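Structure first, then comments.
The values are calculated or read from the model by the stated rules, or taken from the named source; none is laboratory data. Keep in mind that what you see is a predicted model, and the values were worked out from it rather than measured. Here the Cβ positions follow ideal geometry from the backbone for every residue, glycine too, while neighbour counts run over all protein chains shown. With ligands, DNA and RNA removed, areas are computed over all heavy atoms of the protein, side chains included. Shrake-Rupley method; radii C 1.70, N 1.55, O 1.52, S 1.80 Å.
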Amino acid sequence: MKFILDPHIHTVVSGHAYSTISENAAHAASIGLTHIGITDHGPDMPGGAHLYAFSNQICLPDIIHGVRVLKSAEVNIVNGEGKLDIPSAILKRMDYVIASLHRGIYVPTDKDAHTKAMIKAMEKPAVSILGHPGCIHFEIDIEKVVAAAARTGTIIEINSQTLNPDSFRYDGEEKQRQLLELCKAYEVPVVASSDAHFCTLVGEMSRAKALIEEVGMPESLVLNMDIDLFFVAVNKKRDK
């Protein structure tokens, strides 16, 4: 299983990451990635980017250091109705979009509320990927979330930081294993990601990859390996 895409990478624009787009692309090239996604945090994140940073992504070159740079964002789910902190008019111009819950924006409450917020966000055509579901801070009904992903055509992220014992998101492997097993059963596509906040972490998806292989996910449902399959899933969701 060889990954060519890391779809979740942050830059200095996020306010709490430490590398530039160029530095991230250079490291990606050095380890053999062909595609990276720049997914800086939406403006409701403390210290996050202004909306202008996202509307101005058009100025970025498509290729940096030989790597295709995809324009995206990690938008914040801001309430129980799945409201996002970047307008749809901007999101529709991006290559794809990740939507996530973060404690700094959405105060954790209970399982039903978290589950509803994620499902409502996935029902939006602009949301391509659900970011780091099953992390320690937001208890969810995992099967309801995966079933909604199947219904809405949303990709599920297997986030390497959620599997990293040194990360504040770490809660063991069991929830991510359950997430993958249900994605396999419901035939929901997944992507592994680094969620890198420094350039040398770009492409570091070893924990996610190992768990994907352990569960036996069909390669046709692991979208990091084939950029055409990735965009088939993204465009199918947008066309719904």
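Quick notes on this one:
- Selection status of residue 219, at pLDDT 95 or above, under 19 Å from residue 6 (Cα atoms) and open to solvent by 10 Å² or more (accessible area, probe 1.4 Å): yes
- The set of residues in region 80-107 that are surrounded by 14 or more Cβ atoms within 10 Å (Cβ to Cβ) and not aliphatic (A, V, I, L, M) comprises 80, 82, 83, 85, 95, 96, 100, 102, 106.
- Among the helices (runs of 4 or more DSSP H) confined to region 17-124, the ones with at least 2 residues that are of a type outside the set (Gly, Ala, Ser), within 29 Å of residue 225 (Cα to Cα) and under 19 Å from the mean Cα position of the chain (by Cα) are located at 21-30, 88-91, 111-122.
- Taken over region 135-184, the criterion of being under 27 Å from residue 235 (Cβ atoms), open to solvent by 20 Å² or more (accessible area, probe 1.4 Å) and either among the hydroxyl-bearing types (Ser, Thr, Tyr) or free of Cβ contacts under 8 Å to residues at least 24 places away in the same chain (or both) is satisfied by 151 alone.
- Number of the condition not met by residue 26 [criteria: (1) of a type outside the set (D, E, K, R); (2) open to solvent by 30 Å² or more (accessible area, probe 1.4 Å); (3) touching an Asp or Glu at 6+ places or on another chain (Cβ under 8 Å)]: (3)
- For residue 200, the conditions (1) within 29 Å of residue 30 (Cα to Cα); (2) touching a Lys or Arg at 6+ places or on another chain (Cβ under 9 Å); (3) surrounded by fewer than 20 Cβ atoms within 10 Å (Cβ to Cβ); (4) not acidic (Asp, Glu) all hold with the exception of (2).
- Positions within region 203-216 being open to solvent by 70 Å² or more (accessible area, probe 1.4 Å) and in contact with a helix residue (DSSP H, G or I) (Cβ under 8 Å, 6 or more places away or on another chain), in sequence order: 204, 207, 214
- Residue 237 being open to solvent by less than 70 Å² (accessible area, probe 1.4 Å), over 19 Å from residue 38 (Cα atoms) and at pLDDT below 95: yes
- Verdict on residue 120 being open to solvent by 20 Å² or more (accessible area, probe 1.4 Å) and out of contact with any Asp or Glu (no Cβ under 6 Å at 6 or more places or on another chain): no
- Total residues in region 196-219, condition part of a helix (DSSP H, G or I) and touching a residue at least 12 places away in the same chain (Cβ under 8 Å): 12
- Residue under evaluation residue 42, criteria (1) open to solvent by less than 20 Å² (accessible area, probe 1.4 Å); (2) touching a residue at least 60 places away in the same chain (Cβ under 8 Å), criterion not met: (2)
- Filter result (under 25 Å from residue 143 (Cβ atoms) and of a type in the set (Asp, Glu)) within region 164-217: 171, 173, 174, 181, 187, 195, 213, 214
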